[in-house]
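Enquirer: Next up is a structure, given as structure tokens.
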Amino acid sequence: MSVSIAESAFGGPADNASAQWWDRDTDCTLVVSTPGGEPELWDDFIEGAMCSYRKHGVERAIDPSALADPASTSLFLAAIDDAGRVVGGVRAQGPYTGADESHALVEWEGQPALPQVRKMIDDRIPFGVVEIKTAWTDVGFARSRALTPVLARMPLHATLVLGAKFAMATAAAHVLDRWRSSGGVVASRIPATPYPDARYETKMMWWDQAEFTRTAEPQQIIATRAEARVLLPMFDDIGTLSGTAEAGL
């Protein structure tokens, strides 16, 4: 895995913030921005996400109200191919002030584990929690599988930029297995929920920005640190980003 920095300009999570670089493994330009910073790109992101989820028959997993309100998305990542098409992406919400803001409570509604889900999130709120949502790739893109490691790094970038210690995501178990490469740890104490329908067993995964290197793959650590230097050039020592699993997961 290699990262080639083409150009960058990031002023923090302000409304007009944006950063971009070229990723050699996917031959894509990666852009991290806010909806207000790249409104046309944000529209393309939404269109691509809706199309992708619809194609897989899981559009119910998308919260239309969240996508309709740009303010609910703190950051998003879009992968743009050499033809200028958005071929994948993911977005971040938060940092949260309480578990009620997390979509996970909707996903575990009616399940015995709902109180555990709420407690796991609330216990981490004082340290900063962001949630990763709406990950997608265009299956028609020749290097779509190579985009998975790229999207898996976004939880760490979101925590770094937004000043949170933890990132969380919920998805079908087979999807989260692909996200382990960046140091994500499945919350094994939380039983799966049949969301968005009985075909799926949705689980919860957590990243700890301060300790992800203990479980992340070496190539992902290298790429994460390289990209972090683009996102936050004011950081003198990216080496402070080290990483692991939270013991209580």
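The values are calculated or read from the model by the stated rules, or taken from the named source; none is laboratory data. The shown structure was predicted, so the numbers you read here are calculated from the model rather than taken from an experiment. As a convention, Cβ positions derive from the backbone with ideal geometry for all residues, glycine included, and neighbour counts pool all protein chains shown.
Enquirer: State whether one or more residues within the stretch 160-180 are without any contact (Cβ under 8 Å) to a residue 12 or more places away in the chain and in a loop (DSSP other than H, G, I, E, B).
Expert: No, because not a single residue in the stretch 160-180 is without any contact (Cβ under 8 Å) to a residue 12 or more places away in the chain and in a loop (DSSP other than H, G, I, E, B).
Enquirer: Would you pick out the residues in the stretch 103-149 that are among the basic types (Lys, Arg) and touching a His at 6+ places or on another chain (Cβ under 9 Å)? So that I can check it myself, show each step before the final result.
Expert: Looking only at the stretch 103-149, we keep the residues that are among the basic types (Lys, Arg), and these are 118-119, 124, 133, 143, 145.
Matches in the stretch 103-149: Lys133 only.
Enquirer: Turning to a different aspect of this structure: Within the stretch 18-44, which residues are touching a helix residue (DSSP H, G or I) at 6+ places or on another chain (Cβ under 9 Å) and either of a type in the set (A, V, I, L, M, F, W, C) or in a strand (DSSP E or B) (or both)? So that I can check it myself, show each step before the final result.
Expert: Initial filter on the stretch 18-44 (touching a helix residue (DSSP H, G or I) at 6+ places or on another chain (Cβ under 9 Å)): 18-21, 23, 25-28, 30-36, 38-39, 42.
Ser18, Ala19, Gln20, Trp21, Asp23, Cys28, Leu30, Val31, Val32, Ser33, Trp42 - these are the residues of the stretch 18-44 that are touching a helix residue (DSSP H, G or I) at 6+ places or on another chain (Cβ under 9 Å) and either of a type in the set (A, V, I, L, M, F, W, C) or in a strand (DSSP E or B) (or both).
Enquirer: Looking only at residues that are of a type in the set (D, E, K, R) and assigned to a strand (DSSP E or B) in the stretch 129-153, which one is nearest to Gly89 (Cα to Cα)? It would help to see each step written out before you state the result.
Expert: Step one: filter the stretch 129-153 for residues of a type in the set (D, E, K, R), giving 131, 133, 138, 143, 145, 153.
Then keep just the ones that are assigned to a strand (DSSP E or B); that gives 131, 133.
On the way: Glu131: 14, Lys133: 10 Å.
Checked the stretch 129-153; the qualifying residue nearest to Gly89 (Cα to Cα) is Lys133.
Enquirer: Of all residues in the stretch 181-227 being among the β-branched types (Val, Ile, Thr) and assigned to a loop (DSSP other than H, G, I, E, B), which is surrounded by the fewest Cβ atoms within 10 Å (Cβ to Cβ)? Reasoning before the result, please.
Expert: We begin by selecting, within the stretch 181-227, every residue among the β-branched types (Val, Ile, Thr); these are 185-186, 190, 193, 202, 213, 215, 221-222, 224.
Going one step further and asking which of them are assigned to a loop (DSSP other than H, G, I, E, B), we end up with 190, 215.
Details: Ile190: 20, Thr215: 18.
Here the residue is Thr215.
Rundown of residues vs (1) at pLDDT 95 or above; (2) touching a strand residue (DSSP E or B) at 6+ places or on another chain (Cβ under 7 Å); (3) more than 22 Å from Arg145 (Cα to Cα), yes/no style:
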| position | (1), (2), (3) |
| --- | --- |
| Ala171 | no, yes, no |
| Trp179 | no, yes, no |
| Ser188 | no, no, yes |
| Asp197 | no, no, yes |
| Trp207 | yes, yes, no |
| Glu211 | no, no, yes |
| Glu217 | yes, no, no |
| Gln220 | yes, no, no |
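Enquirer: While we're here: May I ask you to verify whether Gln111 is touching a residue at least 40 places away in the same chain (Cβ under 8 Å), surrounded by fewer than 20 Cβ atoms within 10 Å (Cβ to Cβ), part of a loop (DSSP other than H, G, I, E, B) and more than 11 Å from the chain's Cα centre (by Cα)? Even if it seems obvious, please write down each step before you answer.
Expert: Details: touching a residue at least 40 places away in the same chain (Cβ under 8 Å): yes; surrounded by fewer than 20 Cβ atoms within 10 Å (Cβ to Cβ): yes; part of a loop (DSSP other than H, G, I, E, B): yes; more than 11 Å from the chain's Cα centre (by Cα): yes.
So Gln111 passes the test.
Enquirer: Just one of the numbered conditions (1) touching a helix residue (DSSP H, G or I) at 6+ places or on another chain (Cβ under 8 Å); (2) at pLDDT below 95 is not true of Ala152; which one?
Expert: Failing condition for Ala152: (2).
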